[in-house]
Amino acid sequence: MRATGLLTVAAALALTMAGCSSLKKSRSSQLPSYYLNDDGTPYTGDIRPHKVSAGERNEAKRTWDKIAADADTSSLYNRIDRDNHRFAGDPAMFKFKEIETQHVKFSYYDPFKGRDYLYYDLDAMKRDFHYPCDGWFISDYGIRSGRMHTGVDLKALPGSNVYAAFDGVVRMSKNYSSYGNVVVIRHDNGLETVYSHNSRNVARSGDRVRAGDVIAKVGRTGRATTDHVHFEVRVMGQFFNPNLLIDVKKNKLQDGSLYVYNRRGVVSASSNKRDLPDEEPVTTQPKSPTASSGNTQSGTQSKNSGSVVHRVVKGDTLYAIARRYGTTVDKIMRLNGLKSSRINIGQRLIVK
């Protein structure tokens, strides 16, 4: 009698465990595996990706080692032709100092040559442009978790191709701190583009590349939680908002124009040519075109208080404004009674 009771209890426990296992399997099977990040957290990107099965993802990971091993010699993955790739740009721009091949932000070529700004016809540049990867936008430029995110993040399959956006010469290719494996390309129009967190860099420093050449493979090296390409745009080593150059929602180059300004060695950019502010500029600031990331306005001095006031334009962030005026985000927030870092176009901020 007692043995029968024990058997009954054991059978009940077995059925319960089987039921729990079935329920767990049923629930997990309802989750689209491709809509989860690699760490199991929900995917929260602004653009919903096309659905790819878990089997395809696993296959991509299994075959990555072979792809990487063949990358330097296979024409399928590396179309770099060092002999035939020649550019009409200033030869001096491709003579890198050693420090330029070792650090992202150290770039000593000055494309301005005494000019106040550089002008780029983006519509004309579309003929020689390739989107950095076959992926989708997941994280924007600006303040993120209390720190400056200096580029945009583009999610892509691990081991897939990273492409050169324009013709140019690779200035830097190495593993570099939180960037992980990073490639920096200097283009003959004076711009530099940055591609980081790569599983492997295919292009090497000094390589001449064309738009669309495979320069690396998508990965998650450095400070990264998922496989993606961190993409930046820089001039003279200084970053500005990449949204002014590429349309991350449509995977293409932006329409219209790009203006890149240089004021006393501080580089900034705008999609519109600078407009004069309503007030007279501060006398210590020249009237040459200048802006901070996405900014088209100079700081102005309030006639009543003597404070320097900045008018917010598209692309501005508190961090960029603070850097532009040599102050801090905390000080700007304190001067204006701000409780968050969110600012609006047209808003006037006391910066000093």
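The values are calculated or read from the model by the stated rules, or taken from the named source; none is laboratory data. Small disclaimer: the values here were computed from a predicted structure and weren't measured. Backbone-built Cβ (ideal geometry, glycine too); neighbour counts: all protein chains shown. Side chains are part of the model used for accessible areas, which takes the heavy atoms of the whole protein and leaves out ligands, DNA and RNA. Shrake-Rupley method; radii C 1.70, N 1.55, O 1.52, S 1.80 Å.
Listed values, structure above:
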{"quantity": "When residues of the range 249-264 are limited to those that are outside any strand (DSSP E or B) and in contact with a helix residue (DSSP H, G or I) (Cβ under 7 Å, 6 or more places away or on another chain), the one farthest from A164 (Cα to Cα)", "calculated": "G256"}
{"quantity": "The range 148-159: number of residues that are assigned to a strand (DSSP E or B), open to solvent by less than 30 Å² (accessible area, probe 1.4 Å) and over 23 Å from R127 (Cα atoms)", "calculated": "3"}
{"quantity": "Count of the range 299-312 residues which are at pLDDT 75 or above and either farther than 17 Å from S270 by Cα or open to solvent by 20 Å² or more (accessible area, probe 1.4 Å) (or both)", "calculated": "3"}
{"quantity": "Boolean, V162 is farther than 18 Å from S107 by Cα and touching a residue at least 12 places away in the same chain (Cβ under 8 Å)", "calculated": "yes"}
{"quantity": "Failed condition for I343, given (1) assigned to a helix (DSSP H, G or I); (2) open to solvent by less than 40 Å² (accessible area, probe 1.4 Å)", "calculated": "(1)"}
{"quantity": "Filter result (open to solvent by 10 Å² or more (accessible area, probe 1.4 Å) and either assigned to a strand (DSSP E or B) or in contact with a Ser or Thr (Cβ under 8 Å, 6 or more places away or on another chain) (or both)) within the range 207-224", "calculated": "R208, R220, T221, G222, R223"}
{"quantity": "Residue, least open to solvent (accessible area, probe 1.4 Å), within the range 160-179, restricted to residues that are among the charged types (D, E, K, R) and assigned to a strand (DSSP E or B)", "calculated": "R171"}
{"quantity": "Meets criteria (surrounded by fewer than 22 Cβ atoms within 10 Å (Cβ to Cβ) and not charged (D, E, K, R)) for V182", "calculated": "no"}
{"quantity": "Count of the range 326-336 residues which are open to solvent by less than 60 Å² (accessible area, probe 1.4 Å) and at pLDDT below 80", "calculated": "0"}
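Conditions tested, residue by residue: (1) hydroxyl-bearing (S, T, Y); (2) over 15 Å from H187 (Cβ atoms); (3) buried (at least 23 other Cβ atoms within 10 Å of the Cβ); (4) in contact with a Lys or Arg (Cβ under 7 Å, 6 or more places away or on another chain).
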position	(1), (2), (3), (4)
R234	no, no, no, no
N241	no, yes, yes, no
K250	no, yes, no, no
D255	no, yes, no, no
V260	no, no, yes, no
R263	no, yes, no, no
S270	yes, yes, yes, no
R274	no, yes, no, no
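The rows are residues; the columns are (1) within 15 Å of A165 (Cα to Cα); (2) aliphatic (A, V, I, L, M).
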residue	(1), (2)
T193	yes, no
A203	yes, yes
F239	no, no
L244	yes, yes
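Yes/no matrix, rows are residues, columns are (1) touching a residue at least 40 places away in the same chain (Cβ under 8 Å); (2) in contact with a Cys (Cβ under 8 Å, 6 or more places away or on another chain); (3) within 24 Å of G222 (Cβ to Cβ); (4) open to solvent by 50 Å² or more (accessible area, probe 1.4 Å):
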position: D116; (1), (2), (3), (4): yes, no, no, yes
position: K126; (1), (2), (3), (4): yes, no, no, yes
position: H130; (1), (2), (3), (4): yes, no, yes, yes
position: C133; (1), (2), (3), (4): yes, no, yes, no
position: F137; (1), (2), (3), (4): yes, no, yes, no
position: G146; (1), (2), (3), (4): no, no, yes, yes
position: D188; (1), (2), (3), (4): yes, no, no, yes
position: S199; (1), (2), (3), (4): yes, no, yes, no
position: S205; (1), (2), (3), (4): yes, no, yes, yes
